[in-house]
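The next block holds one structure in the form of structure tokens; read it before the comments.
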Amino acid sequence: LSHTPIPQATRVIQETDPPRPSTISKRLKGNLEAIVLKALEKDRAKRFQSAADLVRNIRNHLAGKPIDIRPPTRFALAIHWLAHHPIVTTTAACLTIAGLTLAATSVSVWYFNARPHHIELTPDGREARLMSLGNNIIHTWRTESERGISFAQLVQRPPELGGRRLAIIGFSQRYTAAVSGSLCAYPANGDRTTPIWVRRIAENDLPTAAKDHGYKADAFSVKWCDVQDVFPGPKHPGLEVIADYQHGPGSACAVRIYDLNGELLYQIWHDGSLGRGYWMSEPGLLVLCGLNSEAYWAERGHPEVKEAHPIVLFALRPQLGHIATRMTTPSLGGNTATLAWYKCLMPPRSSDLFRNGEVTAPLPRHDPAYLVRFGATLATNPPAGRLSWVLEQTGAEVPGTRQTTDPWKLDPEAPDPDIFYLGDLPPIISTPE
């Protein structure tokens, strides 16, 4: 049998929706329109199932009674229209997806390029760069002087302190600006040129002993900083900033601890320059290494030592609210309330053989929460051999951790490394004439 083509009129009836009666006359809107459209439904299952159903609904309408059907909602009409216009629907969907993809991509690019992620301090200390997630420079703090910026770190404040991300910047005296020598906190977002708070040494902060030596507050600057949870607990939530302020030409220094709102929580003064400290988190000790300038070696009974001052290593146990106004003087027994222990590199001639010592994190096989590494480099030009060992929280050497570098081993004139140890600081037995 040959296929009989469907007449054009029949195809139009099958594929084209009938006009809504309300477009012909608004009086037909409502129940009458619903009855007519149901009778004209192309899907047989959706039409009246019998003439009796059609008659019943017409009679109910004429009698003012409810009919069995309801007019289609706007949503149903929209779905119905979309189903009968697939090309338009597909085109609109593609455009919508493309638009959403473009918007999402733009937001992602902005987020990665504008959201602060970390701070990089250049090796020469001239610039501190606030970097984005995408590793783009968002802002730069710059000084023309080498080592003008001594510290830079991005820190998140807890909600109790404002919940704002801060860029903590430490400036040395080489930074020629109003914040020279200060510790500053800048907002990570917003105006990054004006600090939220600035903390420096003021004249009325100086101990009497420092004033007697002619020290001036404007000669102090931030030498090093660290960010640690020194005082855990709800009273001071979040991290704290440990800062060492060193007097430029002199030996006095102040070790301070601030919360992220700049409140001073702890302070000690030390007579003698200090290197970078190390926070031993489990025992809660701040371990520091440097020089003791209370007295010369000759005043401690060792005139043969050419270098003037002992190399010392000591641990502080910070106490919340301890704001010392006098020098910590272990040789003289003054203001040692927060000292856990205080040791000196011995024998005395160590001061002639080594540059200043330093403390760092221990080797990976050691627990950094309980242990610290002490090291010192031979005072040769250029620096050669290095001696180091690991210390417990009491300052005792961990057996089997002593190491020397290859240049030391190759130098026939290098002293025996086993003669060096950390002992008690010799007392002052005389004063210079």
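Some points to look at:
- Looking across segment 296-320, the residues that are aliphatic (A, V, I, L, M), within 19 Å of residue 354 (Cα to Cα) and surrounded by fewer than 18 Cβ atoms within 10 Å (Cβ to Cβ) come down to 298, 308.
- Scanning segment 381-420 for residues that are surrounded by 14 or more Cβ atoms within 10 Å (Cβ to Cβ) and either free of Cβ contacts under 8 Å to residues at least 12 places away in the same chain or of a type in the set (Ser, Thr, Tyr) (or both) returns 388, 401, 404, 405.
- Residue within segment 181-195 that is part of a strand (DSSP E or B), more than 15 Å from the chain's Cα centre (by Cα) and at pLDDT below 90 present: no
- One residue stands out in segment 263-276 among those that are open to solvent by 10 Å² or more (accessible area, probe 1.4 Å) and modelled with pLDDT of 95 or more: the one that is nearest to residue 162 (Cα to Cα), namely 263.
- Segment 385-421, subset assigned to a loop (DSSP other than H, G, I, E, B) and of a type in the set (Asp, Glu), residue farthest from the chain's Cα centre (by Cα): 413
- Screening residue 233 with (1) under 23 Å from residue 287 (Cα atoms); (2) buried (at least 18 other Cβ atoms within 10 Å of the Cβ) gives one miss only, at (2).
- Residue within segment 372-383 that is under 16 Å from residue 425 (Cβ atoms) and modelled with pLDDT under 85 present: no
- Restricting segment 321-371 to residues that are under 19 Å from residue 425 (Cβ atoms) and without any contact (Cβ under 8 Å) to a residue 12 or more places away in the chain, the residue that is surrounded by the fewest Cβ atoms within 10 Å (Cβ to Cβ): 333
- Screening residue 168 on (1) within 20 Å of the chain's Cα centre (by Cα); (2) farther than 13 Å from residue 121 by Cβ shows it passes everything except condition (2).
- All of (1) modelled with pLDDT under 75; (2) within 30 Å of residue 37 (Cβ to Cβ) hold for residue 113 with one exception: (2).
- Those residues of segment 197-212 which are surrounded by fewer than 18 Cβ atoms within 10 Å (Cβ to Cβ), farther than 16 Å from residue 248 by Cα and in contact (Cβ under 8 Å) with a residue 12 or more places away in the chain, in sequence order: 197, 198, 208, 209
- When 50, 145, 150 are checked against the criterion of being modelled with pLDDT of 75 or more, exposed (fewer than 10 other Cβ atoms within 10 Å of the Cβ) and not charged (D, E, K, R), 50 stands alone in meeting it.
- The number of residues in segment 156-209 that are on the phi > 0 side of the Ramachandran plot and touching a Ser or Thr at 6+ places or on another chain (Cβ under 6 Å) comes to 1.
- Subset of segment 301-351 (residues that are part of a strand (DSSP E or B), touching a Lys or Arg at 6+ places or on another chain (Cβ under 9 Å) and of a type outside the set (A, V, I, L, M, F, W, C)): 334
The values are calculated or read from the model by the stated rules, or taken from the named source; none is laboratory data. Model, not experiment: these values are computed from the prediction. Neighbour counts are summed over all protein chains in view; Cβ atoms, including those assigned to glycine, are modelled from backbone coordinates with ideal geometry. Heavy atoms of the whole protein, side chains included, go into the accessibility calculation; ligands, DNA and RNA do not. Shrake-Rupley method; radii C 1.70, N 1.55, O 1.52, S 1.80 Å.
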